[in-house]
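S.K.: Before we start, here is the structure in question, set down as structure tokens.
The values are calculated or read from the model by the stated rules, or taken from the named source; none is laboratory data. Because the structure is predicted, anything quoted here is derived from the model rather than measured. Cβ sites come from the backbone with ideal geometry, for glycine too, and all protein chains shown count toward neighbours.
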Amino acid sequence: MRDALYISIGQEEQLVITSDNSGSVGMREQDTVKVPYKTVSFYSFRVAIMECMASGAKPISVVIQNFCGNEAWDEIASGVRKGLSELDMENVPITGSTESNFSLSQSAMGLIVIGKRSILSSMEQNDLQHQNVALIGLPLVGDEVVSQADMIAPLSIFKEICGVRGVTVWPVGSKGVLHELERMFPGFDKNRVTSSSKVDLIKSGGPSTSFLVAYPFRLERRIIEIAEKHFNKLIVG
């Protein structure tokens, strides 16, 4: 099961709620990683939106919790709009709240994406044990997200692969590729996983800079065409 909350609304649809947060990342003096708030919110948005869409949901709203002060709101919102633009979803509304009564010594923010999916589509299951697996993008964290930005899987690629019928998509989070593979393939032998491009399979995936895709072999050429340089074949024993 992915990191999402599913709430039935009627007999045919579900709300899908996903979230992300960050702390000590921003432009305050005591922040551990110094990056603009637009960058912070963009990558936090990536995590939540990818979890939502990987669940088969269509995003319908974004909610921001801002602890960086009123002056940071516009920049935070612009990072979210940048992500929505990459997905051609500019019409998805953004709302949220700012802590303006007290000031924190470090930057902090949270972000929620609310989506909607049909209950019928949520029941569709793929036999993952009989599929190929690839990692799209590389797991990056901290300053790597800025210095190796060209190795991050673009949201446009993620969206296109999500739209390929017959695949299962799974974002890689802070516990790494092997952890996510365990969730996709319960009981598989971790010692028999190899990568065609020597990807570090245990390091943190940070703000979902990469994602796994399981697919039948007949779709491999299609996946490679979409992912191009971001395609990394995995062998799961």
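S.K.: Given the residues 160, 124, 180, which is the only one that is at pLDDT 95 or above and either charged (D, E, K, R) or assigned to a loop (DSSP other than H, G, I, E, B) (or both)?
M.R.: So the residue among 160, 124, 180 that is at pLDDT 95 or above and either charged (D, E, K, R) or assigned to a loop (DSSP other than H, G, I, E, B) (or both) is 160.
S.K.: I'd like the residue in the stretch 34-62 that is among the β-branched types (Val, Ile, Thr) and more than 16 Å from the chain's Cα centre (by Cα) and, out of all such residues, is nearest to residue 153 (Cα to Cα).
M.R.: 35
S.K.: So in the stretch 183-205, with the set limited to residues that are of a type in the set (Gly, Ala, Ser) and at pLDDT 90 or above, which one is farthest from residue 157 (Cα to Cα)?
M.R.: Ranking the candidates gives 204 first.
S.K.: Same structure again: Within the stretch 207-237, can you find the residues that are at positive phi and either touching a helix residue (DSSP H, G or I) at 6+ places or on another chain (Cβ under 6 Å) or hydrophobic (A, V, I, L, M, F, W, C) (or both)?
M.R.: Across the stretch 207-237, the qualifying residue is only 208.
S.K.: Output the residues belonging to the stretch 140-157 that are under 15 Å from the mean Cα position of the chain (by Cα) and part of a loop (DSSP other than H, G, I, E, B).
M.R.: Answer for the stretch 140-157, where residues must be under 15 Å from the mean Cα position of the chain (by Cα) and part of a loop (DSSP other than H, G, I, E, B): 140, 141, 152, 153, 154.
S.K.: Sort out for me the strands (runs of 3 or more DSSP E) sitting completely within the stretch 1-114 that have 2 or more residues that are of a type in the set (Gly, Ala, Ser).
M.R.: 13-23, 94-98
S.K.: Among the residues of the stretch 1-58, write down those that are of a type in the set (Val, Ile, Thr) and out of contact with any helix residue (DSSP H, G or I) (no Cβ under 9 Å at 6 or more places or on another chain).
M.R.: 7, 9, 32, 47
S.K.: One residue is enough: does the stretch 136-154 have a residue meeting the conditions among the hydrophobic types (A, V, I, L, M, F, W, C), assigned by TED's automatic domain parsing to the domain that holds residue 23, closer than 23 Å to residue 21 by Cβ and exposed (fewer than 15 other Cβ atoms within 10 Å of the Cβ)?
M.R.: Checking the stretch 136-154: not a single residue is among the hydrophobic types (A, V, I, L, M, F, W, C), assigned by TED's automatic domain parsing to the domain that holds residue 23, closer than 23 Å to residue 21 by Cβ and exposed (fewer than 15 other Cβ atoms within 10 Å of the Cβ).
S.K.: Another question, then. Here are 72, 57: which of them is under 21 Å from residue 105 (Cβ atoms) and not polar (S, T, N, Q)?
M.R.: Residue meeting the stated conditions: 72.
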